[in-house]
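First comes the structure, then the notes that go with it.
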């Protein structure tokens with residue numbers, strides 16, 4: 001009885017508010033038993049390996065088709081316009097967060113803009129269009145004006161850190177997203193945005209814009225990796241900005257440059273944290289949380305800190321444990337691959353890390369699509385009247401959320417297709433790299449990695465299915 005009560009308390013007190021849930025409040029009966037989908041998805045990924053192993057994919061992936069060129073005369077003013085929009089949006093959102101309505105999450109533009117439009121919507125836009133964030137990044141724009149190309153102080157010390165600072169800051173961000181229960185309180189979120197702004201600008205002032213971006217900025221690194229999955233490539237040329245159409249994920253080809261250990265860590269955290277977000281919405285996690293709270297209650301932790309702090313501790317532990325668990329599985333697969341490929345396991349782990357990025361992007365799409373389509377509508381009335389002064393700038397002030405914009409069947413089908421497609425692209429990229437590095441041993445070397453891909457495909461679909469089939 002204590003266990004059940006503890007689970008109920010943590011679900012009510014610590015999970016994000018109902019408005020932030022990514023599932024629908026209705027049950028969907030799958031046309032087939034869930035295990036049919038899991039087995040079919042795993043089989044599709046395995047068959048893609050068989051098909052890929054019989055063709056030379058590396059040369060095919062490197063091909064691209066030119067589709068347009070933005071003249072050089074337009075590139076600079078368009079960049080200036082995009083940066084101006086980014087800075088204006090930052091200033092407006094902070095002002096709205098501090099001065100406008102502090103009520104429910106959908107009564108203030110800042111939480112909707114940060115958690116829905118930026119974190120989810122911009123990620124999906126980047127997946128389709130390429131490096132959009134680099135155009136509108138307001139902190140880089142401010143630094144470009146205030147700092148310019150000032151020489152960095154002690155750049156060597158930061159370079160030796162790799163991108164471990166970005167890994168740590170990304171974990172802090174995911175803590176704010178998934179664990180911090182007041183992340184939708186406008187003034188508190190605005191304070192967090194100001195704190196990040198001060199940190200980012202101070203870091204760029206000390207080490208330079210390029211060094212901060214390369215070693216410390218988790219958002220530039222995250223959106224940069226997502227952009228490399230996009231079928232649209234941007235390339236600077238003498239004539240301007242060339243846009244080329246390429247195979248999805250082709251931008252992740254290693255070309256012989258293996259990732260560093262810190263870059264591998266960032267990719268693993270990037271994948272595992274979004275998986276943890278899905279896992280935290282399952283009955284399994286609710287049961288685990290209940291049991292853990294009962295143990296903490298018996299140890300006197302709840303009496304000293306309260307249920308809120310104890311629940312946050314449990315979720316924070318899970319947020320760290322899931323990336324570590326996934327890293328252990330990935331390294332285990334790399335040990336098998338390295339033995340067959342006759343190289344060090346650490347080298348194999350660095351060699352194939354970029355091939356995991358399409359999995360993270362696919363899960364992001366599958367997990368958050370309904371969220372951005374439904375909750376993103378809350379931005380329409382708020383954009384027309386951001387300070388609740390009775391304005392109607394765009395004629396959308398009275399617009400209400402239409403939850404029927406996407407149904408559960410579509411959500412599930414998109415999830416299945418996205419997860420399978422992401423893993424297939426990952427298999428193709430891994431095989432291309434193995435063919436380049438291992439030659440005739442490439443096909444055999446990929447079997448341990450294939451087992452990991454198939455298993456993660458099935459696990460991802462199982463996680464995504466739980467909020468649908470257990471309501």
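Listed from fewest to most Cβ neighbours within 10 Å, the set 423, 367, 36 follows the order 36, 367, 423.
Based on DSSP H segments of at least four residues, each scored -39500 (n - 2.57), the chain has a per-residue ellipticity at 222 nm of -21500 deg cm²/dmol. When you restrict to C-alpha pairs under 8 Å that are six or more residues apart and normalise by the size of the chain, the relative contact order lands at 27 percent.
Sorting the segments 436-443, 377-384 by their residues' average number of neighbouring beta-carbon atoms within 10 angstrom, most packed first, yields 377-384, 436-443. Restricting the calculation to alpha carbons of the chain gives Rg and Dmax of 23.0, 71 angstrom. Counting other Cβ atoms within 10 Å as a rough exposure proxy, the listed residues 433, 62 run 62, 433 from fewest neighbours to most.
Kirkwood analysis of region 67-246, using all unique Cα-Cα pairs, places the hydrodynamic radius at 17.6 Å.
The orientation-averaged projection of the convex hull spanning the C-alpha atoms of region 333-471 amounts to 11.6 square nanometres.
Here, each number is a calculation from the coordinates, and none is a lab measurement. Keep in mind that what you see is a predicted model, and the values were worked out from it rather than measured. Cβ coordinates were reconstructed from backbone atoms using ideal geometry, including for glycine residues, and neighbour counts include every protein chain displayed.
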